[in-house]
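*Asks:* Before I ask anything, here is the structure I am working with.
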Amino acid sequence: MIIMGLLKGINPLLTADILHILRSMGHGDKLCICDCNFPAAQVAKSTSKKHVILTVTLPEALDAICSVFPLDFFEEKQAVYMGPQEGVEMPPAGVEVVSLMEEVILKNCGGDATIGKMERFSFYEEAKSCFAVIQCLERRPYGNVILWKGCVGSDGLDLKP
């Protein structure tokens, strides 16, 4: 089944607010996409003050966003996800959502994207330096990711060195 929005070729999850955020970002800016338990409103106070809520899972939100969002391949990592602090094991549901997140990013942005793990409290601090926060209804733990925005190359794909 094909879900149609009001624009051709644009995933209908990409609202006007989200498209405005993505277009307003420059290369090197970061975007936090987080789960429903993440302190998104609080973190957004440290960003551009932009906080948008999507009523879908993290993989669904990422699939829509990464369909139009170029990653920064001039950075060491193009994305980082939240991992547990030292001494805490990632729960099975967290492993599942991280695996799906990686799959979606690689599908949309190229199999050579580098996705790293960032300790929970370091992730909170990093998120405060993001351009905006998009919160989804993901309930699995550790369903949080930061993407670095890159440039669209002349071929219409993510610009790579």
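*Asks:* Do the conditions hold for VAL43, that is, is it part of a loop (DSSP other than H, G, I, E, B) and either under 17 Å from LYS107 (Cβ atoms) or not aromatic (Phe, Trp, Tyr) (or both)? Spell out the reasoning first.
*Replies:* Numbers: part of a loop (DSSP other than H, G, I, E, B): no; either under 17 Å from LYS107 (Cβ atoms) or not aromatic (Phe, Trp, Tyr) (or both): yes.
For VAL43, the condition - part of a loop (DSSP other than H, G, I, E, B) and either under 17 Å from LYS107 (Cβ atoms) or not aromatic (Phe, Trp, Tyr) (or both) - is not met.
*Asks:* Right, next: Quick check: anything in segment 107-114 at negative phi and either in contact with a Phe, Trp or Tyr (Cβ under 7 Å, 6 or more places away or on another chain) or small (Gly, Ala, Ser) (or both)?
*Replies:* Start the filter on segment 107-114 by keeping residues that are at negative phi, which leaves 107-109, 111-114.
Remaining after also requiring either in contact with a Phe, Trp or Tyr (Cβ under 7 Å, 6 or more places away or on another chain) or small (Gly, Ala, Ser) (or both): 111, 113.
Checked segment 107-114: at least one residue is at negative phi and either in contact with a Phe, Trp or Tyr (Cβ under 7 Å, 6 or more places away or on another chain) or small (Gly, Ala, Ser) (or both).
*Asks:* Another question about this same structure. With touching a Cys at 6+ places or on another chain (Cβ under 9 Å) and either open to solvent by less than 60 Å² (accessible area, probe 1.4 Å) or closer than 27 Å to LYS160 by Cα (or both) as the only criterion, which of ALA93, ALA61 stands out?
*Replies:* ALA61
*Asks:* A further question follows. Of the residues that make up segment 136-145, is at least one under 13 Å from CYS32 (Cα atoms) and hydroxyl-bearing (Ser, Thr, Tyr)?
*Replies:* Our first condition is that a residue be under 13 Å from CYS32 (Cα atoms); within segment 136-145, this holds for 136, 142-145.
Then keep just the ones that are hydroxyl-bearing (Ser, Thr, Tyr); that gives 142.
Among the residues of segment 136-145, at least one is under 13 Å from CYS32 (Cα atoms) and hydroxyl-bearing (Ser, Thr, Tyr), which makes the answer yes.
*Asks:* Can I ask one more? Do you know which residues across segment 139-159 are part of a loop (DSSP other than H, G, I, E, B), buried (at least 16 other Cβ atoms within 10 Å of the Cβ) and of a type in the set (Lys, Arg)?
*Replies:* Once the filter is applied, which keeps residues that are part of a loop (DSSP other than H, G, I, E, B), buried (at least 16 other Cβ atoms within 10 Å of the Cβ) and of a type in the set (Lys, Arg), segment 139-159 yields only ARG140.
*Asks:* Which of the residues spanning segment 125-138 are buried (at least 18 other Cβ atoms within 10 Å of the Cβ) and out of contact with any Gly (no Cβ under 8 Å at 6 or more places or on another chain)?
*Replies:* Residues of segment 125-138 buried (at least 18 other Cβ atoms within 10 Å of the Cβ): 127, 130-136, 138.
Result: ALA127, CYS130, PHE131, ALA132, VAL133, ILE134, GLN135, GLU138.
*Asks:* Looking at the structure I just gave you, is GLU103 outside any strand (DSSP E or B), touching a residue at least 40 places away in the same chain (Cβ under 8 Å), in contact with a helix residue (DSSP H, G or I) (Cβ under 9 Å, 6 or more places away or on another chain) and surrounded by fewer than 19 Cβ atoms within 10 Å (Cβ to Cβ)? Write out each step before concluding.
*Replies:* Working: outside any strand (DSSP E or B): yes; touching a residue at least 40 places away in the same chain (Cβ under 8 Å): yes; in contact with a helix residue (DSSP H, G or I) (Cβ under 9 Å, 6 or more places away or on another chain): yes; surrounded by fewer than 19 Cβ atoms within 10 Å (Cβ to Cβ): yes.
When the stated conditions are applied, GLU103 passes them.
*Asks:* Let me ask another. Taking the stated definitions as given, is VAL98 of a type outside the set (Lys, Arg), closer than 25 Å to ASP17 by Cα, open to solvent by less than 50 Å² (accessible area, probe 1.4 Å) and not in a strand (DSSP E or B)? Before the answer, list the steps.
*Replies:* Working: of a type outside the set (Lys, Arg): yes; closer than 25 Å to ASP17 by Cα: no; open to solvent by less than 50 Å² (accessible area, probe 1.4 Å): yes; not in a strand (DSSP E or B): yes.
For VAL98, the condition - of a type outside the set (Lys, Arg), closer than 25 Å to ASP17 by Cα, open to solvent by less than 50 Å² (accessible area, probe 1.4 Å) and not in a strand (DSSP E or B) - is not met.
The values are calculated or read from the model by the stated rules, or taken from the named source; none is laboratory data. Just so it is clear, the model here is predicted, and its values are computed rather than measured. Cβ sites come from the backbone with ideal geometry, for glycine too, and all protein chains shown count toward neighbours. Note: areas computed on protein heavy atoms with side chains; ligands, DNA, RNA excluded. Shrake-Rupley method; radii C 1.70, N 1.55, O 1.52, S 1.80 Å.
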